[in-house]
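Engineer: Structure below; questions to follow.
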Amino acid sequence: MSVIRSTVTGCGSFLPEKILTNGDLAKMVDTSDEWIVQRTGIEKRHIAGEGQFTSDLALEAARRALESAGREASDIDTIILATATPDNTFPATSVTVQAKLGITHGFAFDVQAVCSGFVYAMTTADAYIRSGLSKRCLVIGAETFSRILDWEDRTTCVLFGDGAGAVVLERTECAGTNDDRGILTSHLRSDGRHKKKLYVDGGPSTTQTVGHLRMEGREVFKHAVGMITDVIEDAYEATGLTSDDLDWFIPHQANKRIIDASARKLGIAPEKVVTTVQSHGNTSAASIPLALDSAVRDGRVKKNDLLMLEAMGGGFTWGSVLLRW
């Protein structure tokens, strides 16, 4: 009996030209390259230029994903864009991307789950594809977190950067086994009791301002590893697969210590972990597709490889997507 799967047929990413190194930050706040690398693994981050918006980054990543998939923009019927830093309060940044791609059919909307946004967007797209509401979906994670940072807060401004990544998901009929290409299972969670541990202190309804990112770093770290492993173990239970079956673990790129601790707890070999946080910092919803695209383009990820994507973000939100490339 055949089933419908959502198969990734192409991916792409984009980073702004401007680079902010740890050395640059040391001239702005009381920090050092050694301190940042030791605690986070981050060496540099990319910063959007003046007049360069989240939609601009998303558009470039989307175009590269379409090229990778061998598709035209007109082939896309759905755009789901994950971001916590939209161009405007409304309309959704996704419709700006839709217009710039020249798409006048189908539908587009944004998903806001902060760093878990791309996992949430992938899961949403998969549901639409399997239900028949969508045939070919462009899923994007794009952020300009530099616009919501307090550049005098050394505990947060060193962590984040700007960027975008995208994939094309397509409807495919499969045999219904773990050998199928496409998304095999997804698991999402949230717990709003943890809001104050990672949030932005502004918004249209509360302060009528954008606000700045605020974080209790130790608390986030304390919860991260347990929450991440929780949804990954759910994926294993749903499929009967284990860490030994994975070809690649592609986690949210927030902090190398969190990535390493999660992999150790799950028994995932270090050589299976894709880590790009050193090159772009925490780009929130963009970090997983950035890491994915890097591993695809350098030849690590190959057809039929089994990939585990996972993320945790403000809210708290967290989730996993297990897919075969």
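The values are calculated or read from the model by the stated rules, or taken from the named source; none is laboratory data. From a predicted model like this one, the values you see are computed outputs, not experimental measurements. Cβ atoms come from the backbone with ideal geometry, glycine included; neighbour counts cover every protein chain shown. Only protein heavy atoms, including side chains, enter the accessible area calculation; ligands, DNA and RNA are left aside. Shrake-Rupley method; radii C 1.70, N 1.55, O 1.52, S 1.80 Å.
Residue-wise test of (1) more than 30 Å from residue 260 (Cβ to Cβ); (2) in contact with a helix residue (DSSP H, G or I) (Cβ under 8 Å, 6 or more places away or on another chain); (3) of a type in the set (Phe, Trp, Tyr).
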position	(1), (2), (3)
9	yes, yes, no
12	no, yes, no
22	no, yes, no
35	no, no, yes
72	yes, yes, no
85	no, yes, no
91	yes, no, no
101	yes, yes, no
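Engineer: Please tell me if residue 243 is among the hydroxyl-bearing types (Ser, Thr, Tyr), under 30 Å from residue 151 (Cβ atoms) and more than 17 Å from the chain's Cα centre (by Cα).
Structural biologist: Numbers: among the hydroxyl-bearing types (Ser, Thr, Tyr): yes; under 30 Å from residue 151 (Cβ atoms): no; more than 17 Å from the chain's Cα centre (by Cα): yes.
So residue 243 fails the test.
Engineer: Please tell me if residue 321 is under 17 Å from residue 271 (Cβ atoms) and either of a type outside the set (Lys, Arg) or in contact (Cβ under 8 Å) with a residue 24 or more places away in the chain (or both).
Structural biologist: no
Engineer: Considering each residue of region 14-36, count those that are in contact (Cβ under 8 Å) with a residue 40 or more places away in the chain and not aromatic (Phe, Trp, Tyr), and give that number.
Structural biologist: Matching residues across region 14-36 total 10.
Engineer: Hey, any hits in region 191-208 for a residue that's assigned to a strand (DSSP E or B) and among the charged types (D, E, K, R)?
Structural biologist: Within region 191-208 (the criterion being assigned to a strand (DSSP E or B) and among the charged types (D, E, K, R)), the answer is no, since none of the residues qualifies.
Engineer: Only one of 131, 74 is surrounded by fewer than 17 Cβ atoms within 10 Å (Cβ to Cβ), touching a Gly at 6+ places or on another chain (Cβ under 9 Å) and not aromatic (Phe, Trp, Tyr). Can you tell me which?
Structural biologist: It is 74.
Engineer: Okay, moving on. Taking region 292-313, which residues are among the small types (Gly, Ala, Ser) and either under 19 Å from residue 13 (Cα atoms) or open to solvent by 10 Å² or more (accessible area, probe 1.4 Å) (or both)?
Structural biologist: Within region 292-313, 294, 295, 299, 311 qualify.
Engineer: Which pairs do you get when a residue that is among the hydroxyl-bearing types (Ser, Thr, Tyr), found in region 59-72, comes within reach of a residue that is open to solvent by less than 20 Å² (accessible area, probe 1.4 Å) and not in a helix (DSSP H, G or I), reach meaning Cβ atoms under 7 angstrom, with the pair 6+ apart or on two chains?
Structural biologist: 68/10; 68/11; 68/12
Engineer: Something else now. If the requirement is being basic (Lys, Arg) and farther than 27 Å from residue 215 by Cβ, which of these qualifies: 63, 45?
Structural biologist: 63
Engineer: Could you say which residue among 96, 89 is under 21 Å from residue 213 (Cα atoms), among the hydroxyl-bearing types (Ser, Thr, Tyr) and not in a strand (DSSP E or B)?
Structural biologist: 89
Engineer: Answer yes if at least one residue in region 226-242 is aliphatic (A, V, I, L, M) and in a loop (DSSP other than H, G, I, E, B), and no otherwise.
Structural biologist: Checking region 226-242: at least one residue is aliphatic (A, V, I, L, M) and in a loop (DSSP other than H, G, I, E, B).
Engineer: Take region 253-281 and flag every residue that is open to solvent by less than 10 Å² (accessible area, probe 1.4 Å) and not in a loop (DSSP other than H, G, I, E, B).
Structural biologist: Residues satisfying the conditions are 259, 262, 263, 277, 280.
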